[in-house]
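Step one of this worksheet: look at the structure below.
Computed from the coordinates by the stated procedures, all read-outs in this text should not be read as laboratory data. Because the structure is predicted, anything quoted here is derived from the model rather than measured. Please note: Cβ atoms are built from the backbone with ideal geometry, for glycine as well, and neighbour counts cover all protein chains shown.
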Amino acid sequence: MRGAWAVESLSDAPDAMLASGAVLFAGDREGNLAPDAEAQPLHVEDGRPMNKEWLVRVREVTDRDIADSWRGRYLLADAATLPDADDDEVYVGDLIGMRVDVDGRGPVGTVRDVYDAPQGYILEVETATGRPLVPWTDDLVLSVDDEERVIIFAPLDGLFD
């Protein structure tokens with residue numbers, strides 16, 4: 001209605017990212033801004049929770065046809081406007097592109113995508129032999145180094161095969 005979107009938030013802080021007054025940008029899942037024609041800022045007029053999603057209205061989207069043209073796109077926020085992740089946290093979008101290592105074995109691949117499943121996050125890891133789906137659990141994820149962009153997994157036979 002009137003250009004509002006149902007938005008699935010990949011953030012633990014959607015109230016900060018999708019609140020009235022927030023500024024968003026069109027981009028891709030790796031966090032890159034869209035080409036020039038689509039890179040104008042989007043000013044959130046209203047954002048509120050709706051079931052598992054958020055209903056968001058932006059000033060620049062005035063009707064359903066314009067809203068439909070944005071279907072399937074990623075909305076990015078300036079990281080400087082978001083709360084800092086705690087020491088033991090990482091933004092889900094930051095996981096994409098990180099190198100994946102297995103403790104004692106070294107690099108095995110790169111995170112291609114992240115899925116929010118009912119049982120928790122699942123990483124799609126691109127390896128030399130395919131794209132296995134790997135659960136994000138405290139038992140498997142030993143550490144995440146934001147600076148080096150590396151996730152260290154516990155060794156588990158067949159996990160990345």
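Give me the extension gain from Asp28 to Thr127: residue separation times 0.36 nm, minus the current Cα-Cα distance, reported in nm with one decimal.
Additional length available on full extension: 33.5 nm.
Read phi for every residue in segment 22-27 and hand back ³J(HN,Hα) as whole Hz from Karplus 6.51 cos²θ - 1.76 cosθ + 1.60, θ = phi - 60°, with x for Gly and Pro.
Once rounded to whole Hz, the list reads 5, 10, 10, 9, 6, x.
Around Gly109, which amide H atoms from residues at least 5 apart in sequence, or from another chain, sit under 5 Å from its own amide H, with H modelled in the peptide plane?
Val100
Between Tyr91 and Glu148, what is the label-point separation in nm under the 7 Å Cα-to-beta-carbon projection?
Distance between the two pseudo-spin positions: 2.3 nm.
Pop out the ³J(HN,Hα) list for segment 136-148 in order, Karplus 6.51 cos²θ - 1.76 cosθ + 1.60 with θ = phi - 60°, rounded to Hz; leave Gly and Pro as x.
8, 10, 4, 6, 8, 8, 7, 6, 10, 10, 4, 5, 8
In percent, how large is the relative contact order of the chain, given Cα pairs closer than 8 Å and 6 or more residues apart?
Details: 298 pairs, mean separation 29.5, N = 161.
Value for the chain: 18 percent.
Can you give me the three principal axis dimensions of the chain from its C-alpha atoms, in Å, biggest first?
Answer, in whole Å and largest first: 54, 31, 30 Å.
How long, wide and thick is segment 92-153, going by the Cα atoms along their three principal axes, in whole angstroms, largest first?
30, 24, 21
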